[in-house]
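Read the structure below first, then the notes.
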Amino acid sequence: MSAEDLPIAKALKAATRPLDGLMALACEKRAAQWGDTITYSRKVFVPLTNMCRDTCTYCSFVKTPDDPAANYQTPEQVLATARAGEKAGCKELLFSLGERPELRYPEAAAALQKLGYATTNEYLRAMCELVLSETTLLPHVNAGTLTDGEIDMLKPVSASMGMMLETVSRRLTRKGMPHHACPDKTPVQRLRTLERAGERGVPFTTGLLIGIGETWAERVESLAAINAAHARHGHIQEVIIQNFQQKRGIVMADHPEPSLEDMLRTLAVARLMLAPEISLQAPPNLSARHAEYLKAGMNDWGGISPVTVDFINPDHAWPQLDELAQATAQAGLTLQERLTIYPDFLKQSNRFLDPSMTARLSDLARADGLARVQCLGATP
């Protein structure tokens, strides 16, 4: 077996091979494309709303309107967080939010109306505009499934967008499974958003959530679907392999977490299956085994914030940057700070960016497309 992109049948066979050899091939493929550079993005997170019309059984982020913690952040709250991130050296602001709560909950619709908007995504666009007008930060939009019109509305005010595919398994939408009665988690809707983003030239992040009951075949099929969308449109910047974590109060509180070996094998197979130019990411706060992750072929640590917690996994603190830098150096690699849009996409700004966004990026990017001002010390 070589380090070329793997089709589904070979990927399934590769998943049963000895792990050390599989990881070595993944690192070989990473080195050919990414050299010795491992990247991360210094960002601030804004959970614009924690209400959602989906009720995934592994999620602790979402609140129903009868919970006092359910909310939409006000423009003042958004701007305060943005300015704190800017002061701490962040270049990216990631908007995370539940999907279309106004379609399920009258309380959410009323909250939006009070803010002056009819839909969550219209409010999201306005908050992107606010961040752009008042700070130097680059918005990244993680709004879940989107229509053609919504992507067209959001692209001029965001440098990149994202949505976790999670899985293409329709089986996991059945009664008693984690995606049951979650209209935005049906695979066809997630895949349509991937296609729409590609057709409209959006630099896009997606990925898998592993350990929620999917089979190995379903993981491989999910990676193949992502790679196929990228082959058609060339728009997938990065793929995240995220491991399920037990959390207090969720339906799946006692569901077993994937093992380290499972995570490493998935990372290695993903690196071998995906086009080499797709960045492969693993969340550094969901495991302390950073050195092992690096040996599995990943090349990016994703977003790390000196200001805000991981609202999706609030019990897992971000690692210190000097800790990551040390683990990276010990692996013979170099940690570098990137922007929310990757260098290769920045080179194709005519296709992937609104002209106003290109002008902003020229002030933040150095000649190779990574962040002009590098923040590689410990997070404050």
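One line per residue, one yes/no per condition, for (1) of a type outside the set (A, V, I, L, M, F, W, C); (2) within 17 Å of residue 56 (Cα to Cα); (3) in contact with a helix residue (DSSP H, G or I) (Cβ under 6 Å, 6 or more places away or on another chain); (4) at pLDDT 95 or above:
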site: 168; (1), (2), (3), (4): no, yes, yes, yes
site: 171; (1), (2), (3), (4): yes, yes, no, yes
site: 174; (1), (2), (3), (4): yes, yes, no, yes
site: 177; (1), (2), (3), (4): no, yes, no, yes
site: 185; (1), (2), (3), (4): yes, yes, no, yes
site: 198; (1), (2), (3), (4): yes, no, yes, yes
site: 203; (1), (2), (3), (4): yes, no, yes, yes
site: 211; (1), (2), (3), (4): yes, yes, no, yes
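Each residue in the stretch 99-151 was checked for being closer than 21 Å to residue 87 by Cα and assigned to a helix (DSSP H, G or I), and 8 of them qualify. Of all the listed residues (94, 124, 132, 138), the sole one being farther than 15 Å from residue 202 by Cα, touching a residue at least 60 places away in the same chain (Cβ under 8 Å) and under 17 Å from the mean Cα position of the chain (by Cα) is 94.
Is it true that residue 229 is in a helix (DSSP H, G or I) and aliphatic (A, V, I, L, M)? For residue 229, the condition - in a helix (DSSP H, G or I) and aliphatic (A, V, I, L, M) - is met.
One line per residue, one yes/no per condition, for (1) under 29 Å from residue 321 (Cβ atoms); (2) of a type in the set (D, E, K, R); (3) at pLDDT below 95:
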| residue | (1), (2), (3) |
| --- | --- |
| 74 | no, no, no |
| 81 | yes, no, no |
| 104 | no, yes, no |
| 116 | no, no, no |
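Checked against the criterion of being closer than 28 Å to residue 337 by Cα and surrounded by fewer than 24 Cβ atoms within 10 Å (Cβ to Cβ), the candidates 97, 79 yield just one match: 79.
For the stretch 179-188, the count of residues that are of a type in the set (Lys, Arg) and buried (at least 18 other Cβ atoms within 10 Å of the Cβ) is nonzero.
A quick yes/no check of all residues on (1) within 20 Å of residue 45 (Cα to Cα); (2) touching a strand residue (DSSP E or B) at 6+ places or on another chain (Cβ under 9 Å); (3) touching a residue at least 60 places away in the same chain (Cβ under 8 Å); (4) assigned to a loop (DSSP other than H, G, I, E, B):
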position	(1), (2), (3), (4)
325	no, yes, no, no
329	no, yes, no, no
341	yes, yes, yes, yes
362	no, no, no, no
374	yes, yes, no, yes
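Checking each residue in the stretch 253-262 for being in a loop (DSSP other than H, G, I, E, B) and within 22 Å of the chain's Cα centre (by Cα) picks out 257, 258, 259.
Matching residues to (1) of a type outside the set (A, V, I, L, M, F, W, C); (2) out of contact with any Asp or Glu (no Cβ under 9 Å at 6 or more places or on another chain); (3) closer than 21 Å to residue 354 by Cβ:
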| position | (1), (2), (3) |
| --- | --- |
| 68 | yes, yes, no |
| 85 | yes, no, no |
| 88 | no, yes, no |
| 120 | yes, no, no |
| 123 | yes, yes, yes |
| 128 | no, yes, yes |
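Candidates are the residues of the stretch 15-68 that are among the β-branched types (Val, Ile, Thr) and outside any strand (DSSP E or B); the one that is nearest to residue 98 (Cα to Cα) is 62.
Are there any pairs, at least 6 apart or on different chains, whose C-beta atoms fall under 6 Å, with the first in the stretch 41-57 and on the phi > 0 side of the Ramachandran plot and the second among the basic types (Lys, Arg) and part of a strand (DSSP E or B), and if so, which? Sorted first by the residue in the stretch 41-57, then by its partner, the list stays empty.
Entry remark, the stretch 343-359: residues being assigned to a helix (DSSP H, G or I) and among the basic types (Lys, Arg) number 1 in total.
Pairing each residue of the stretch 223-237 that is touching a residue at least 12 places away in the same chain (Cβ under 8 Å) with any residue that is part of a helix (DSSP H, G or I) and aromatic (Phe, Trp, Tyr), provided the two are 6+ apart or on different chains, yields C-beta distances under 8 Å for 235/352; 237/345.
Residue 261 meets the stated requirement of being of a type in the set (D, E, K, R), in contact (Cβ under 8 Å) with a residue 60 or more places away in the chain and surrounded by fewer than 18 Cβ atoms within 10 Å (Cβ to Cβ). Within the stretch 171-196, residues that are under 11 Å from residue 144 (Cα atoms) reach partners that are among the β-branched types (Val, Ile, Thr) and at pLDDT 95 or above with beta carbons closer than 6 Å, at six or more positions or on different chains, in the pairs 184/145; 189/145; 193/145. Going through the stretch 1-27 one residue at a time, which ones are modelled with pLDDT of 85 or more and more than 24 Å from the chain's Cα centre (by Cα)? Selection gives 17, 18, 19, 20, 21, 22, 24, 25. Put simply, of 291, 317, 275 the only residue that is surrounded by fewer than 16 Cβ atoms within 10 Å (Cβ to Cβ) and not in a loop (DSSP other than H, G, I, E, B) is 291.
Yes or no: the stretch 179-196 includes at least one residue that is over 23 Å from residue 229 (Cβ atoms) and outside any helix (DSSP H, G or I). Yes, because at least one residue in the stretch 179-196 is over 23 Å from residue 229 (Cβ atoms) and outside any helix (DSSP H, G or I). When the stretch 346-380 is filtered for residues that are at pLDDT below 90 and of a type in the set (Asp, Glu), only 363 remains.
The values are calculated or read from the model by the stated rules, or taken from the named source; none is laboratory data. These numbers come from a predicted model, not from an experiment. Virtual Cβ from ideal backbone geometry, glycine too; neighbours counted across all protein chains shown.
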